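Shown below is the structure under consideration.
Read the figures in this text as sums done on the coordinates, not as results from a lab. What you see is a predicted model; the values in this text were computed from it and never measured. Glycine also receives a Cβ, built like all others from the backbone with ideal geometry; neighbour counts cover every protein chain displayed.
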């Protein structure tokens, strides 16, 4: 395409979105013409991957700057849309409504945590990291805390959190491929991996921004379509966000009528008691620490644009998050109504398919020959409810395509973060400072492939539900990075030794708790589940950082001037030491 990067964004958006809508319309007509559901499902999945690959080819570049996003000032609106698309991962698209379905009001902890985290990003971090103006979070840690140790520990935290987040995305793609391609779950995970690698290896950050800006509309449309239909069916109003109160009232009545607690319909709540507070805090601070989110704001044209882009992100994310509780409410209403009417197993094809995937099971209660109980895994709810509700199969296929887009979008960004950490922060900065851009690009791509294969293997073992694995990633990021980032900007007394010790302590405590509880070596302390493991790691990181910083000599006057220059909205950055070779003062 002619023109620079931003001039082509509107054109790419129209082409990509229009192509997706045209394909959906054609497949819907084929479904009405009698083409089998299996064929329609396979077509939707393959076309989603094909569109990603075509966008990768369109934005293909061998330039290091294009791969990392250097020199690309993306307007706030586009940054907000790309961030929202990246953020609507498998956890948000597939797992969020299911978590609320399973946990009830306690599931709102996920909404509060993820949304509140963007407020912290806007207030505490994004403008100042934009002022710093470099590739990665470890770059900032290295400049602020004086070199190699901070970069190494920060990179370790970054890679561990990103890796677990990739595992969750591959889990989501595995569910979709297993259901709609008819594959075994383990094989489906690696098929999803192949699609992700096909789309992410070509254009780097340049391609990611192009596709994620465009795919935002596809993802949000796919998510809203079934819940709007269910809202119209139940209330006659196509605004589920304001009508699901009626659904909840009817759910309460039907639960009483059936004479059974809601646990018959769903597994044990994901959060409860102290875990509500813990999940909220860990997701908030984790959101403000995830490198693939923070990296977005390094590329806005100005500090002011960085703040505005966060606001746009919140608006675009709000459209999905405001619909998630409605999705859970109308889904439970639909299931209860069908259970009460004896229609739940009417066409048992969907039940057989989802039972094969291992996410839905059903049976009769004691003394009853009819289907009166159903167990729906939270990770299946969003994808399965179109079939359960008897909607046309093409609706379920559209939802699956949206879920696949969301999971692949986040996986691409996360794998790129891992690849950048390996090639830029470890290989180039530490091992081979004189390496050529082509060699660094090769290291980046190799790192992405290795990390993706390991993540796919872990996802195929089903270590936990999607939102639980994501909770681990957020807890590790919050425990290892949040104190160092916030204190590095807002407390000039923070020292290199304090930050390194704090990052290592917080990350180690959090990881040790997750491993010990998961392995059964210890029982949850105070009832805190591993999804909220950051409740132990975050205080440890703050305490160690503060204590060691106060016990060691304060930073130099030059370093304090550097910190002051980052906090001022205007004017150049005043770097020292290693940072002087990294920062251009923009």
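Counting other C-beta atoms within 10 Å, which of 449, 563, 538 has the fewest, and how do the rest follow? Before the final figure, lay out each step's value.
Numbers: 449 16, 563 19, 538 25.
The fewest-first ordering by Cβ neighbours comes to 449, 563, 538.
A further question follows. Rg and Dmax in Å for the stretch 141-192, alpha carbons only: what are they?
17.4, 53
What full-extension length gain, to one decimal in nm, is calculated for residue 22 and residue 518 as 0.36 nm per residue of separation minus the Cα-Cα distance? All intermediate terms of the calculation are to be shown ahead of the outcome.
Numbers: separation 496, 0.36 × 496 = 178.56 nm, distance 4.60 nm.
Taking 0.36 nm per residue and subtracting the Cα distance, the gain is 174.0 nm.
Something else now. If R₀ is 45 angstrom, what is the calculated FRET efficiency for the pair residue 221 and residue 439, using the beta carbon separation as r and rounding to 0.05?
Details: r = 42 Å, r/R0 = 0.93.
In this case the efficiency is close to 0.60.
Let me ask another. For residue 272 and residue 560, what is the calculated FRET efficiency with R₀ set at 30 Å and r taken between the beta-carbons, to the nearest 0.05? Don't skip to the answer; put the middle values down first.
Values: r = 45 Å, r/R0 = 1.51.
Computed FRET efficiency for residue 272 and residue 560: 0.10.
Give me the number: length gained by fully extending residue 431 to residue 341, i.e. 0.36 nm times residue separation minus the C-alpha to C-alpha distance, one decimal in nm.
Working: separation 90, 0.36 × 90 = 32.40 nm, distance 6.70 nm.
Between residue 431 and residue 341, full extension yields an extra 25.7 nm.
What does the stretch 109-174 give for Rg and for Dmax, in Å, if only its C-alpha atoms count?
Looking at the stretch 109-174, its Cα Rg and Dmax stand at 14.7, 42 Å.
Among 171-177, 485-491, how do they line up by average Cβ neighbours within 10 Å per residue, starting with the highest? Don't jump to the answer; show the numbers that get you there.
On the way: 171-177: 29.1, 485-491: 19.9.
Packing proxy ranking, top to bottom: 171-177, 485-491.
Listed highest first by mean packing, meaning other Cβ atoms within 10 Å per residue, what order do 503-510, 228-235 come in? Walk me through the intermediate numbers first.
Numbers: 503-510: 24.1, 228-235: 19.2.
The most tightly packed comes first, giving 503-510, 228-235.
While we're looking at this one, here's another question. Just order 187-193, 436-442 by mean Cβ neighbour count inside 10 Å, highest at the front, would you? Working shown, then result.
Numbers: 187-193: 22.6, 436-442: 15.4.
The most tightly packed comes first, giving 187-193, 436-442.
Going by the alpha-carbon gyration tensor, a ≥ b ≥ c the square roots of its eigenvalues, is the stretch 414-552 rounded (a/c under 1.5) or, if a/c is not under 1.5, prolate (a/b greater than b/c) versus oblate?
Oblate shape, in that a/c is at least 1.5 and b/c is the bigger or equal ratio.
Exposure proxy check: 131, 492, 420, 568 ranked by fewest other beta carbons within 10 Å? Show your work: numbers first, answer last.
Working: 131 24, 492 18, 420 31, 568 12.
Ordered from fewest to most neighbouring Cβ atoms within 10 Å, 131, 492, 420, 568 come out as 568, 492, 131, 420.
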